[in-house]
Protein chains: 2
Amino acid sequence: MKKYLLILCLFALVAPAFAQEALFSGTDLVSPEINADGTVTFRYSNPKAVKVEITGDFLPNVKVKTPFGEQESAGKAVLKEEKGVWTYTTSVLAPELYTYKFIVDGQETLDPNNVYMCRDIASYTNIFIIEKEAGDKGDLYSVNDVPHGNVAKVWYWSQALQINRRMTVYTPAGYEDSKEKLPVLYLLHGAGGDEDAWPTLGRAAQIMDNLIAMGKVKKMIVVMTNGNPNCEAAPGEWSAGMYKPSFMGHTVGGKAPISTMQAHFPDVVNYVEKHYRTLTGKKNRAICGLSMGGGHSFMISRDYPDMFNYVGLFSAAIALDQTGEALTMDNKKIDSKTEEQLKTLFAKKPALYWIAIGNTDFLYQNNADYRKYLDSKGYNYEYVETDGGHIWRNWRIYLTTFAQRLFK
Amino acid sequence: MKKYLLILCLFALVAPAFAQEALFSGTDLVSPEINADGTVTFRYSNPKAVKVEITGDFLPNVKVKTPFGEQESAGKAVLKEEKGVWTYTTSVLAPELYTYKFIVDGQETLDPNNVYMCRDIASYTNIFIIEKEAGDKGDLYSVNDVPHGNVAKVWYWSQALQINRRMTVYTPAGYEDSKEKLPVLYLLHGAGGDEDAWPTLGRAAQIMDNLIAMGKVKKMIVVMTNGNPNCEAAPGEWSAGMYKPSFMGHTVGGKAPISTMQAHFPDVVNYVEKHYRTLTGKKNRAICGLSMGGGHSFMISRDYPDMFNYVGLFSAAIALDQTGEALTMDNKKIDSKTEEQLKTLFAKKPALYWIAIGNTDFLYQNNADYRKYLDSKGYNYEYVETDGGHIWRNWRIYLTTFAQRLFK
């Protein structure tokens, strides 16, 4: 190992110069620290701060007033200071992927000792994972010592949108060394998101790796598109430059789209089936999505009744009126075209039409109205209701559950 | 466009609920703003702060004292406050990718209005790009309206290291729809880095996309490995969990490696040539790397004289003594095995053996000693010296220059 030692010694000398030229900082503090008893300690060094708080989804929600009425929001806790270092220890936390930020004298601040963070539209939150045993949520969202699928950023031409577009494609471990053809899950993000949403906050690759390794999910390709038809790719990844992302991803960074997500979707399926070793036909295709992506899944499955045998609507924004007259989330009105299309879709008996939503989701009523319509027609679907609202925590659970039902 | 309008209206109602549940913040401030005159304005809202500074590589370097003597470090500037908003406008900046952070009452803080940032080992810096005309550095580092290559995170088995490992593979635009076989560039990172370094701070995909589109670089596959032989992947991307990254990437997150980067390298080349449509043989392979990765390129080309026709050492950490006796950066001593290996390598006349370094790089003397040795033997190499030190700015220039010389 002498060669290795030599290189180590060489680089021990290099560190200080790097430290200056590469602008990097960081301290010796460990934050967050996952304690053996299942609590978590956060540490933050700032001798000049007057008040340091933490906000995160492991704290009890509080009610806050908004122009849209009272809403739930992540709670806060206050850190204690000693010798300039602020600390806070949580109660025992259940297995989960958690998000948090510090609030330093009123300013939201990332934890400088935690490089793990995800972008959610226009800002970042730090993340950490609590896992206790194999198969719990924390375990499913972690990178474990199992075979890993490859994850690629892939450009495809959309004939409908007349632009090159970027998507994320997960191919399960072993795909490259096999001749086996695989079914495909199309996994769609929500408003403000992009093709990086499911691979980051959604932990899609980890969930698929782990469930496939456990034998709970069939090997499949997972295709994560960009749901903003005016955008070629995630912010900063196309020629619109480093613009500030917005919840209204549709409206920023470029020209108006010449067509819709649903109208362009055959371009995606055709690309995937031409360039990957796929099983084709309806029974080997599934589509699901969260929020706007649930709305897209609703519309795409409605518009192409022969394309997908499995449809998953996760906290979906469903519009039963496509005439443009009912510009609300009120799903009591349905137009005749939609009626006809849904009749056709359900007559073809999809293997699974799956609706899931949290019981405090602001789209709860929107989905309840849709279920009521489906019930009135006797259309076959499954329904799952969970605690909580319009949050990634639910969408990861829905992917975990839905994926286990596919292609079996 | 009625369907589209409907969805827009639906989501206009959704925003506030998201804003609370997804923990995101962000303000309406624009920062940084690239002004028409080539200056840049930064804005930061913080009514309670006493002093807000900015540090970035667009400011003149300052000398700071370190245990290793005086070193250059990025300078600082002070922001001015008005109504709680702090601002600073730069002088006119030359085309470049710049990095910066705020310093709020002594604490380094990311710009909350700029989602564009890169991790450099254990911390993040914000980035922005100045471009003035086609072909300048800012233009080459930007995502332009040109065909884009795909970028994949790919797992391969290393027989030498007995672990699965992750690498980043760039395939140029058109690869998927062609039958053409391509040459391969192996592009290695420095100490503390990983397979995400060149694709982020290195802007490797953008540089290749742009130079290929301009006809200045041949279409090639670019393979970016992980240079820490005890690690399977970048921090957080393998089963060692969400550990705190360290400059000594070799020593964290796992067991000691059972072999070296150079000994395992044939595993990489074999995987790539088996799984991609490559031209094979020495004349279709190039290797280069920065700092530790330059050291790796030196050792790999030395150990496998028939493997690469093009070798690039970027600010390389070169060890002429592999006996383990001279554990310093002093390259005045060379052992007989290295002498023999270099004799063999240069007898085989590589098409290009290219050395580049900045004139204030702390490895300057290390490289000068190596050049002196090469000169003493009459071995053929090319040398490029630039301004500046051990910085990404130089390494992007070196990739830009080196890539244009390959496979021609």
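The values are calculated or read from the model by the stated rules, or taken from the named source; none is laboratory data. Just so you know, these numbers come straight off a predicted model, no measurement behind them. Please note: Cβ atoms are built from the backbone with ideal geometry, for glycine as well, and neighbour counts cover all protein chains shown. To get the accessible areas, we keep the full protein, side chains included, count just its heavy atoms, and leave off ligands, DNA and RNA. Shrake-Rupley method; radii C 1.70, N 1.55, O 1.52, S 1.80 Å.
Among the numbered criteria (1) modelled with pLDDT of 95 or more; (2) surrounded by 20 or more Cβ atoms within 10 Å (Cβ to Cβ), which single criterion is violated by B:His275?
The single condition B:His275 does not satisfy is (2).
Looking at B:Thr89, B:Thr41, B:Thr27, can you tell me which residue is surrounded by fewer than 19 Cβ atoms within 10 Å (Cβ to Cβ), more than 7 Å from chain A (Cβ to nearest Cβ), modelled with pLDDT of 95 or more and touching a Pro at 6+ places or on another chain (Cβ under 8 Å)? Break it down stepwise before answering.
Numbers: B:Thr89 fails: touching a Pro at 6+ places or on another chain (Cβ under 8 Å); B:Thr27 fails: modelled with pLDDT of 95 or more.
That would be B:Thr41, the only listed residue that is surrounded by fewer than 19 Cβ atoms within 10 Å (Cβ to Cβ), more than 7 Å from chain A (Cβ to nearest Cβ), modelled with pLDDT of 95 or more and touching a Pro at 6+ places or on another chain (Cβ under 8 Å).
Need pairs with beta-carbon distance below 8 Å; first residue in contact (Cβ under 8 Å) with a residue 24 or more places away in the chain and within the range B:362-383, second open to solvent by 80 Å² or more (accessible area, probe 1.4 Å) and not in a loop (DSSP other than H, G, I, E, B); sequence gap 6+ or separate chains.
B:Lys377/B:Lys343
Specify the residue that is farthest from the chain's Cα centre (by Cα); the eligible residues are those in the range A:349-408 that are polar (S, T, N, Q) and under 17 Å from A:Leu187 (Cα atoms). Walk me through it before giving the result.
We begin by selecting, within the range A:349-408, every residue polar (S, T, N, Q); these are A:359-360, A:365-367, A:376, A:380, A:386, A:394, A:400-401, A:404.
Restricting the remaining residues to those that are under 17 Å from A:Leu187 (Cα atoms) gives A:394, A:400-401, A:404.
Working: A:Asn394: 10, A:Thr400: 12, A:Thr401: 15, A:Gln404: 18 Å.
Restricting to residues being polar (S, T, N, Q) and under 17 Å from A:Leu187 (Cα atoms), the top hit is A:Gln404.
Taking only the range B:40-65 into account, find how many residues are part of a loop (DSSP other than H, G, I, E, B) and either in contact with an Asp or Glu (Cβ under 6 Å, 6 or more places away or on another chain) or more than 21 Å from B:Ile127 (Cβ to Cβ) (or both).
7
Need pairs with beta-carbon distance below 6 Å; first residue facing another protein chain (nearest Cβ under 7 Å) and over 22 Å from B:Gln262 (Cα atoms) and within the range B:230-249, second surrounded by 23 or more Cβ atoms within 10 Å (Cβ to Cβ) and β-branched (Val, Ile, Thr); sequence gap 6+ or separate chains.
As it stands, the answer is B:Pro245/B:Ile121, since those pairs meet every condition given.
Which of the residues that make up the range B:50-101 are touching a Phe, Trp or Tyr at 6+ places or on another chain (Cβ under 6 Å), of a type in the set (A, V, I, L, M) and over 30 Å from B:Met329 (Cβ atoms)?
B:Val52, B:Ile54, B:Ala77, B:Leu79, B:Leu93
Which of the residues belonging to the range A:368-408 are among the hydrophobic types (A, V, I, L, M, F, W, C) and under 25 Å from A:Met307 (Cβ atoms)?
If we filter the range A:368-408 for residues that are among the hydrophobic types (A, V, I, L, M, F, W, C), which is where we start, we get A:368, A:374, A:384, A:391-392, A:395, A:397, A:399, A:402-403, A:406-407.
Hits for the range A:368-408 are A:Leu374, A:Val384, A:Trp395, A:Leu399, A:Phe402, A:Ala403, A:Leu406, A:Phe407.
So, in the range A:167-190, exactly how many residues are within 12 Å of chain B (Cβ to nearest Cβ), under 21 Å from A:Trp155 (Cα atoms) and open to solvent by less than 30 Å² (accessible area, probe 1.4 Å)?
Matching residues across the range A:167-190 total 8.
Those residues that are aliphatic (A, V, I, L, M), within 30 Å of A:Leu29 (Cα to Cα) and out of contact with any Cys (no Cβ under 9 Å at 6 or more places or on another chain), I need them from the range B:116-166; list them, please.
From the range B:116-166, those aliphatic (A, V, I, L, M) are B:117, B:121-122, B:127, B:129-130, B:134, B:140, B:143, B:146, B:151-152, B:154, B:160-161, B:163; that's our starting set.
Subsequent filtering for residues that are within 30 Å of A:Leu29 (Cα to Cα) retains B:117, B:121-122, B:127.
Result: B:Met117, B:Ile121, B:Ala122.
Could you tell me which numbered condition A:Leu313 fails, if it satisfies all but one of (1) open to solvent by 70 Å² or more (accessible area, probe 1.4 Å); (2) within 23 Å of A:Ala197 (Cα to Cα); (3) of a type in the set (A, V, I, L, M)?
(1)
Tell me whether the range A:298-310 contains one or more residues that are open to solvent by less than 10 Å² (accessible area, probe 1.4 Å) and under 25 Å from A:Ala152 (Cα atoms).
Scanning the range A:298-310 turns up at least one residue that is open to solvent by less than 10 Å² (accessible area, probe 1.4 Å) and under 25 Å from A:Ala152 (Cα atoms).
Does A:Leu399 qualify as being out of contact with any Pro (no Cβ under 8 Å at 6 or more places or on another chain) and open to solvent by less than 20 Å² (accessible area, probe 1.4 Å)?
On the way: out of contact with any Pro (no Cβ under 8 Å at 6 or more places or on another chain): yes; open to solvent by less than 20 Å² (accessible area, probe 1.4 Å): yes.
So A:Leu399 passes the test.
Filter the range B:272-318 down to residues that are assigned to a loop (DSSP other than H, G, I, E, B) and within 14 Å of chain A (Cβ to nearest Cβ), then give me how many there are.
We begin by selecting, within the range B:272-318, every residue assigned to a loop (DSSP other than H, G, I, E, B); these are B:276-277, B:279-281, B:291, B:304-309, B:315-318.
So of that shortlist, the ones also within 14 Å of chain A (Cβ to nearest Cβ) come out as B:276-277, B:291, B:315-318.
Residues flagged as assigned to a loop (DSSP other than H, G, I, E, B) and within 14 Å of chain A (Cβ to nearest Cβ) within the range B:272-318 amount to 7.
Does A:Leu97 count as at pLDDT below 95 and within 11 Å of another protein chain (Cβ to nearest Cβ)? Break it down into steps so the answer makes sense when it comes.
Numbers: at pLDDT below 95: no; within 11 Å of another protein chain (Cβ to nearest Cβ): yes.
Considered against the rule, which asks whether it is at pLDDT below 95 and within 11 Å of another protein chain (Cβ to nearest Cβ), A:Leu97 comes out as no.
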